[in-house]
Amino acid sequence: MRVKPYAQSKIQPQLESLNDSEHVSQRGKKLLFFSGGSALRTFCQPLVKATHNSVHLVTPFDSGGSSAKIRQHFSLPAVGDLRNRLLALSHNHTREQKIIARLLSYRLCSNASQYALRDHLQSMADGRDPLVALLSHERRQLFCQNITGILQCLPIDFDLEGACIGNLLFIDTKHSGKNSLQSGIELFHQMLDIRGVVRPIVEDNLHIAAYLQNGETIVGQHLLTAKETPALSSAITKLYLCENVSNPSAVDCLLQPTNRAYIEQADVICYPPGSFFTSIVANLLPVGVGEAVGKNPNKKVYIPNLGNDPEQLGMSLEDCVLTLLSYLRKNTQQPLPASQYISTILLDVNEKYYSGGIPFEQFRALGIAVIQRDLVTMRSAPFYNDELLLKSLLEITQG
């Protein structure tokens with residue numbers, strides 16, 4: 001198996017200074033989440049009120065939607081999940097910041113001509129677009145300069161239908177290669193009050209592939225999630241990384257030193273709800289992740305999905321825990337006890353949400369604590385209530 005070197009990043013944690021007294025200080029807990037981009041969107045709203053020190057390591061392996069077009073033309077990792085999480089952590093307390101958030105979430109029309117779409121982008125670059133015109137001089141100049149640079153480097157055959165403005169801003173016109181995501185993340189911090197750290201787990205331009213129980217191999221994240229294609233009819237038996245569809249051989253990549261430090265120093269590590277394989281397990285694939293988790297002496301909390309996740313076909317709660325442990329222990333020289341990788345499983349009091357029930361004895365034998373709380377309300381069902389979930393997670397951190 002060929003190993004790709006890590007993409008060294010210059011990014012450092014960027015925490016905005018606080019402007020009001022209703023929120024806690026920057027000394028908030030360092031909660032670290034392995035996830036995709038959309039699963040924790042609403043959870044981030046109470047999270048930024050509790051801490052500005054949360055760290056979000058997200059997957060850069062998406063192969064569908066607007067990200068796919070950017071990846072194809074610019075050889076970048078997927079940027080959509082980064083954009084989603086950065087926006088989710090933004091504290092849009094002013095009118096201008098709300099306008100900026102709308103701009104960075106805006107998608108170009110999906111049924112207009114390419115000429116009309118480029119003209120729309122040009123109007124943004126010129127500051128003539130109605131939303132852009134509402135920005136202050138400083139932020140309008142910053143935004144317009146970046147859109148102008150992107151327009152100048154977009155290939156003539158680049159399809160702009162449905163393109164997300166925030167995703168396009170990750171096309172770095174000043175740098176290329178290993179630090180290509182740097183300027184995009186920094187630009188979001190310059191434009192918005194983002195209260196937390198968001199980083200790709202790696203910056204390597206790789207794709208997810210999966211072996212299925214029926215012997216089939218699927219290459220491409222968007223083919224596994226059941227969001228753009230029908231759900232899988234056969235269970236996933238192994239997830240791995242590869243370069244692309246034409247070269248589906250397994251390849252490893254190394255965890256970046258900065259991300260390793262974040263993992264080792266977190267006050268709590270969380271495997272949150274989200275697409276089990278493409279959001280959670282995918283973050284554990286780079287060499288060094290399991291080792292870094294094992295070195296952290298603090299709590300590691302798994303919060304399983306409620307109800308049906310198409311990626312968990314045929315999997316019980318126990319299967320999910322054992323699967324996470326297998327990937328965390330992979331590539332480690334001396335595998336540690338299970339509790340060093342997952343110390344706690346946080347569940348709702350209602351066992352019906354968890355396939356196969358809750359195997360208390362098996363978890364106890366692994367040294368994993370099971371904590372049950374009222375986490376689902378009538379309004380939030382069939383999902384967790386974000387405030388109750390955060391409260392329980394913080395209690396575990398302090399315990």
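The values are calculated or read from the model by the stated rules, or taken from the named source; none is laboratory data. All of these numbers come straight from a predicted model, not from anything done at the bench. As a convention, Cβ positions derive from the backbone with ideal geometry for all residues, glycine included, and neighbour counts pool all protein chains shown.
With respect to Thr229, determine if the residue is buried (at least 20 other Cβ atoms within 10 Å of the Cβ), polar (S, T, N, Q), part of a loop (DSSP other than H, G, I, E, B) and in contact with a helix residue (DSSP H, G or I) (Cβ under 6 Å, 6 or more places away or on another chain). Break it down into steps so the answer makes sense when it comes.
Details: buried (at least 20 other Cβ atoms within 10 Å of the Cβ): no; polar (S, T, N, Q): yes; part of a loop (DSSP other than H, G, I, E, B): yes; in contact with a helix residue (DSSP H, G or I) (Cβ under 6 Å, 6 or more places away or on another chain): yes.
For Thr229, the condition - buried (at least 20 other Cβ atoms within 10 Å of the Cβ), polar (S, T, N, Q), part of a loop (DSSP other than H, G, I, E, B) and in contact with a helix residue (DSSP H, G or I) (Cβ under 6 Å, 6 or more places away or on another chain) - is not met.
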message: Against the condition charged (D, E, K, R), assigned to a loop (DSSP other than H, G, I, E, B) and farther than 24 Å from Gln45 by Cβ, how does Asp252 come out, does it pass?
response: no
Per-region count, region 101-122, residues farther than 18 Å from Asp159 by Cα and without any contact (Cβ under 8 Å) to a residue 60 or more places away in the chain: 1
message: Looking at Thr94 and the list (1) more than 14 Å from Ser279 (Cα to Cα); (2) touching a strand residue (DSSP E or B) at 6+ places or on another chain (Cβ under 9 Å); (3) among the polar types (S, T, N, Q), which single condition is not satisfied?
response: (2)
message: Can you tell me which condition Pro297 does not meet? The list is (1) under 17 Å from the mean Cα position of the chain (by Cα); (2) part of a loop (DSSP other than H, G, I, E, B), and all the others hold.
response: (1)
- prompt: Does Asn259 qualify as being buried (at least 16 other Cβ atoms within 10 Å of the Cβ), of a type outside the set (A, V, I, L, M, F, W, C), touching a residue at least 24 places away in the same chain (Cβ under 8 Å) and touching a Pro at 6+ places or on another chain (Cβ under 6 Å)?
  reply: no
- request: Check Leu346, Leu390, Leu317 and return the single one that is over 27 Å from Gln265 (Cβ atoms), buried (at least 20 other Cβ atoms within 10 Å of the Cβ) and either of a type in the set (A, V, I, L, M) or within 25 Å of the chain's Cα centre (by Cα) (or both).
  value: Leu317
query: Do we find a residue being among the charged types (D, E, K, R), assigned to a loop (DSSP other than H, G, I, E, B) and touching a residue at least 40 places away in the same chain (Cβ under 8 Å) anywhere in region 184-193?
result: yes
field: Unmet criterion (only one of (1) among the hydrophobic types (A, V, I, L, M, F, W, C); (2) in contact with a helix residue (DSSP H, G or I) (Cβ under 8 Å, 6 or more places away or on another chain); (3) touching a residue at least 40 places away in the same chain (Cβ under 8 Å)) for Ala338
entry: (3)
query: Could you say whether any residue in region 278-287 is in the same structural domain as Ala338 (by TED's automatic domain parsing), closer than 23 Å to Gly28 by Cα, in a loop (DSSP other than H, G, I, E, B) and modelled with pLDDT of 95 or more?
result: no
